[in-house]
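Okay, so here's the structure we're looking at.
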Amino acid sequence: MQFSSFTGSNPSIWRDKCEDYFRIFNLPESLWSTYASLHMDDKAAKWLKVYKLKNGLGDWSTFITAVEQKFGSNDYRESLNQLLELQQHTTLEQYISTFEDLQYQVAMHNSELGEVFFTTQFLRGLKPEIGNVVQSQIPETLDRAMLLAKIQQQVVDKGKNRWSKPGNNYKAAIPTVKQDAKGTATTSPLWKERQTRDYLKANGLCFYCREPYDANHAKSCTKRPHPQLNALSVNGLDAILTEEVVQQLEMEDNLASEFCQLSLNALAGTAQGEALVVRALVQNKVMLILVDSVSSHSFINQQFVQLLNIPTLPMPAQQVRLANGDTLTTNTWVPKLEWWSNGYTIQTTMKVLQMPAYDAILGYDWLKANSPMQCNWAEKTLQFQHKGQQVTLQGIRPVETTIPEVSITQVRKWVHGNDVWAMAVVEEVPAEHTIEQNTVIQQLLQQYQDVFQEPQHLPPHRFYDHHIPLLPGSAPVNSKPYKYSPHHKDEIEKQVK
């Protein structure tokens, strides 16, 4: 068996090989330093010469520590920086090879970094046309992410080859965008125009004259001012593209890809319609969850994340459209958050968002992933299969009309467990008047009947009439009605009846 030589690279690996060799051949530990020094070459041999003159070889522990300190003290820092800055500029195979090499270098010095860290860094360095598709699949392991990236690379290459094949019998297959029931690609009335635009864009052709497009073509295009243009009939694309159609297609694509949606129930703190509220536990803290089919994604309250110090991961900034027309922005997410309810432990990936009412929202994406479901709105129950197990979630039923007394100890326990959703000050209603009190009141009303009778006209003029002085010729105040926020609207409806 040949002894491994050392030239100055990867001293930790060389140390493991040396110690394995010494143990296999049962060499005495007093000879380990001498035997290892005989196999140091190039730069390492020069350093060894200087080291021996100053310190001698010494024992194995002191010698190998000096070697690692000299040739490997900065390996971890350099490898980690290169891994964080790595981007795909060449082929996918070269990117994967470089990433794996840096991954091993980093993991060799820090074994605490898990799959989530390496998978996130791998997806961040991919090209957008590959990384965006792979990230939407939420791969759990690095191997899974690499496999999905290779598949997506094949799809991209196949699409490029399809558009570039020569021949008179060429018939292009227009790619279609697969979306769920909430998407706009399959239901949009502009599906034919979308195919025409995608074909022209993929082949680098002008939308109007079908000539090769470049930076200066817009000035020389003779057909751009025309309101309507016909597509290439050789591909069966006879849709008409105008300036308005192209702008509408871009608007639909941006809305479908950039915006999430949050319902009025999630915004106002109500549970009307197809929604129910579930009481769950996370780290022994109560998490109030709204199951809402109108919200597009699953969200978790930012304050709840900060309360429990739940680790989050960065993500590209994404806007969330609220039911009142406002928009919020989220740029972090929590992968596979574990929560417990009704004896079941469930993992859910959620986007972090500042929400006023609930701790978490289970939206359309969660309902779709766990379909089919059986929901009993009257009993507030939800049944579905999760990892081969029948799960039944019991929602919170309407509260009782009576308000029982509670101790301050119980209130503190609820606050500590995040089990208090709202507080209200309750005043005691006085008891009804007795018969004797009612008799006295009736006598008083009868005695001053002229004072307590219901008014039928304006008060008579007095010596001092109080009024608001107005400028001569001024018109009465007349303001246009304006929209209230959901919170203000609910409060007005409660007070004004």
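Quick note: the coordinates plus some simple rules give every number you see, no bench work behind them. Everything numeric here is computed off the predicted structure, so don't read it as measured data. Counting neighbours? That spans all protein chains shown, and the Cβs are built from the backbone with ideal geometry, glycine included.
Results, tabulated for the structure shown:
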| item | result |
| --- | --- |
| For segment 330-390, radius of gyration divided by Kirkwood radius, i.e. Rg to Rh on alpha-carbons | 0.97 |
| Kirkwood hydrodynamic radius of segment 76-164, Cα pairs, Å | 13.5 |
| Loop sites in segment 17-61: chymotrypsin sites (Phe, Trp or Tyr not before Pro), DSSP, at most 12 other Cβ within 10 Å | 25 |
| Kirkwood Rh (inverse of mean 1/r, distinct Cα pairs), segment 12-153, angstrom | 17.8 |
| Rounded FRET efficiency, nearest 0.05, which uses the C-beta distance separating residue 394 from residue 423 and R0 of 22 Å | 0.35 |
| Packing rank of 280-292, 456-468, 330-342, where each peptide gets the mean count of other beta carbons within 10 Å, highest leading | 280-292, 330-342, 456-468 |
| Sequence of 112, 68 once ranked by neighbouring C-beta atoms within 10 Å, starting from the fewest | 112, 68 |
| Gain on full stretching of the segment that runs from residue 496 to residue 462 - 0.36 nm per residue minus C-alpha separation | 9.0 nm |
| Peptides 79-85, 446-452 ordered by average Cβ neighbours within 10 Å, highest first | 79-85, 446-452 |
